[in-house]
1. Among the residues of segment 334-358, write down those that are farther than 28 Å from residue 562 by Cβ and touching a strand residue (DSSP E or B) at 6+ places or on another chain (Cβ under 8 Å).
2. Looking at segment 284-307, which of its residues are in contact with a strand residue (DSSP E or B) (Cβ under 6 Å, 6 or more places away or on another chain), surrounded by 23 or more Cβ atoms within 10 Å (Cβ to Cβ) and not in a strand (DSSP E or B)?
3. Please tell me if residue 331 is surrounded by fewer than 18 Cβ atoms within 10 Å (Cβ to Cβ), under 20 Å from residue 394 (Cβ atoms) and in contact (Cβ under 8 Å) with a residue 60 or more places away in the chain.
4. Within segment 283-297, which residues are over 20 Å from residue 323 (Cα atoms) and either under 17 Å from the mean Cα position of the chain (by Cα) or in contact (Cβ under 8 Å) with a residue 24 or more places away in the chain (or both)?
5. Can you find a residue in segment 35-46 that is part of a helix (DSSP H, G or I), over 25 Å from residue 291 (Cβ atoms) and touching a residue at least 24 places away in the same chain (Cβ under 8 Å)?
6. Would you check if residue 182 is touching a strand residue (DSSP E or B) at 6+ places or on another chain (Cβ under 9 Å) and exposed (fewer than 12 other Cβ atoms within 10 Å of the Cβ)?
7. Taking strands (runs of 3 or more DSSP E) that fall entirely within segment 471-582, which contain at least 3 residues that are modelled with pLDDT under 80 and surrounded by 14 or more Cβ atoms within 10 Å (Cβ to Cβ)?
8. Conditions: (1) at pLDDT 95 or above; (2) more than 30 Å from residue 438 (Cα to Cα); (3) assigned to a helix (DSSP H, G or I). Residue 106 meets all but one. Number of the miss?
């Protein structure tokens with residue numbers, strides 16, 4: 001249970017507001033519940049929460065106002081134009097506070113993306129949750145509190161201050177990836193319109209395939225495989241958590257994998273989690289399962305879905321495929337004995353080798369990024385979403401948040417900039433002597449000559465800056481968790497919780513790292529190392545109190561990256577709220 005005292009909710013302050021006619025003050029929302037959603041648009045877990053909240057917003061439309069608080073991780077996310085586009089792209093239907101300096105984030109002591117804070121009609125913080133999968137808990141809590149405040153006369157239902165933005169009509173809206181067809185036509189994953197669009201050689205729309213939700217990756221099957229299975233293209237239908245197939249001849253669209261429900265810890269491969277890209281390699285479709293930081297495979301001939309690489313831990317760790325860590329892989333490109341990949345959250349270019357080893361070509365971790373060319377160990381990217389193998393064997397990286405296409409030469413280990421000043425490039429394909437780039441933020445495809453010389457840039461290097469927590473050399477790490485109303489921690493089938501603690505650099509922790517089943521642990525830190533980031537991954541299961549057959553069980557989970565500095569007068573307890581009332 002959270003030990004946070006009952007406190008007044010701090011006022012909402014930032015640079016400006018979106019999705020509303022003017023500033024929204026908490027005092028103006030008295031009489032209603034307010035749910036603050038601290039998010040950043042690079043974060044797939046945050047996007048999951050936006051979708052999770054939709055039915056809650058409908059159910060409590062009169063009693064609850066959801067307010068997004070956008071607290072950016074990357075430099076690009078602090079751009080107000082980019083934020084406005086992200087709000088439209090992901091269908092955010094509530095007011096959003098632009099908090100680029102993380103002022104409101106700090107006032108509410110948020111430590112992770114996403115964080116949810118519930119404020120009652122009298123203006124007090126009543127609950128805080130980190131991570132995704134908490135909507136059922138908030139729903140159960142609201143059911144109790146709405147009745148309580150209605151009885152006390154403190155609940156005064158009203159309308160939301162949400163005002164929808166004006167959307168400009170365009171043929172393509174936030175296209176994500178594109179695929180060249182044999183007849184000269186092009187398929188485009190038109191994420192903003194929830195469609196896959198076929199264009200002719202001149203760029204005119206030929207037909208639209210509907211029924212998707214924010215589709216991203218496209219994979220053309222080999223002709224002999226397509227003939228056998230009856231469809232030609234595999235689509236990563238990201239927000240549906242599915243793979244779908246398109247038969248180009250008939251226009252039929254079918255579900256290939258995924259139940260349409262997001263995968264959570266304990267589920268099998270019948271459920272997926274935000275598949276972002278797909279590619280044909282080693283005689284099957286490889287899937288960038290961005291939502292859980294893994295690579296999966298799909299065999300069209302048998303329908304078999306399997307985990308191929310990754311542990312679900314988020315980070316940058318090379319090694320055997322089953323032990324490697326990924327971070328929201330968003331782009332795939334096969335090249336013979338290598339599968340290149342863009343790991344967006346670690347701003348890295350990596351690959352899987354034919355012997356299923358994972359190696360990093362460019363990139364160093366979750367919080368280091370920038371715009372810099374040169375040798376691989378010095379080069380920097382910023383949240384790349386696409387990767388394409390070029391005819392000369394080099395690799396083009398859609399360096400999305402830098403608005404550039406970069407070229408990496410595996411032979412020399414050098415990075416150069418092919419073109420800059422693009423608007424969120426997210427995918428590309430080769431068309432003869434041209435590279436056709438999907439400019440997602442500009443809603444278009446842009447052609448770039450491949451013969452142009454790359455230029456070297458030394459733009460900037462950046463480390464994500466968040467408030468550093470001063471801690472003692474011996475600190476008690478406590479992940480607080482309280483089951484939602486009507487549920488209990490159920491250990492009949494084994495430990496209901498798990499805690500994994502690592503550090504960057506690893507030497508920061510002398511004792512207490514590793515995996516365990518308790519949600520608290522004593523960490524002994526090295527004062528000589530001084531500072532670093534604690535990587536904490538926690539999960540806890542709860543089940544209906546009544547139990548019995550058909551009882552619902554839920555998994556609550558979150559990863560934190562907590563910057564810390566060892567100090568003689570630092571905190572002796574580090575509290576991370578997984579979920580509960582306060």
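The values are calculated or read from the model by the stated rules, or taken from the named source; none is laboratory data. Note that this is a predicted model, so its numbers are computed, not measured. Methodologically, a virtual Cβ is constructed for each residue, glycine included, from the backbone with ideal geometry; neighbour enumeration extends over all protein chains shown.
1. Restricting attention to segment 334-358, the residues satisfying the condition of being farther than 28 Å from residue 562 by Cβ are 334-340, 351-357.
Hits for segment 334-358 are 334, 335, 337, 338, 339, 340, 351, 352, 353, 354, 356, 357.
2. Once the filter is applied, which keeps residues that are in contact with a strand residue (DSSP E or B) (Cβ under 6 Å, 6 or more places away or on another chain), surrounded by 23 or more Cβ atoms within 10 Å (Cβ to Cβ) and not in a strand (DSSP E or B), segment 284-307 yields 290, 293.
3. Values: surrounded by fewer than 18 Cβ atoms within 10 Å (Cβ to Cβ): no; under 20 Å from residue 394 (Cβ atoms): yes; in contact (Cβ under 8 Å) with a residue 60 or more places away in the chain: yes.
Criteria not met by residue 331.
4. First pass over segment 283-297, keeping only residues over 20 Å from residue 323 (Cα atoms): 283-285.
Once the filter is applied, which keeps residues that are over 20 Å from residue 323 (Cα atoms) and either under 17 Å from the mean Cα position of the chain (by Cα) or in contact (Cβ under 8 Å) with a residue 24 or more places away in the chain (or both), segment 283-297 yields only 285.
5. No, segment 35-46 contains no residue that is part of a helix (DSSP H, G or I), over 25 Å from residue 291 (Cβ atoms) and touching a residue at least 24 places away in the same chain (Cβ under 8 Å).
6. Details: touching a strand residue (DSSP E or B) at 6+ places or on another chain (Cβ under 9 Å): yes; exposed (fewer than 12 other Cβ atoms within 10 Å of the Cβ): yes.
It is true that residue 182 is touching a strand residue (DSSP E or B) at 6+ places or on another chain (Cβ under 9 Å) and exposed (fewer than 12 other Cβ atoms within 10 Å of the Cβ).
7. Values: elements: 497-504, 509-511, 514-516, 520-525, 531-544, 553-566, 571-581.
So the answer is 553-566, 571-581.
8. (1)
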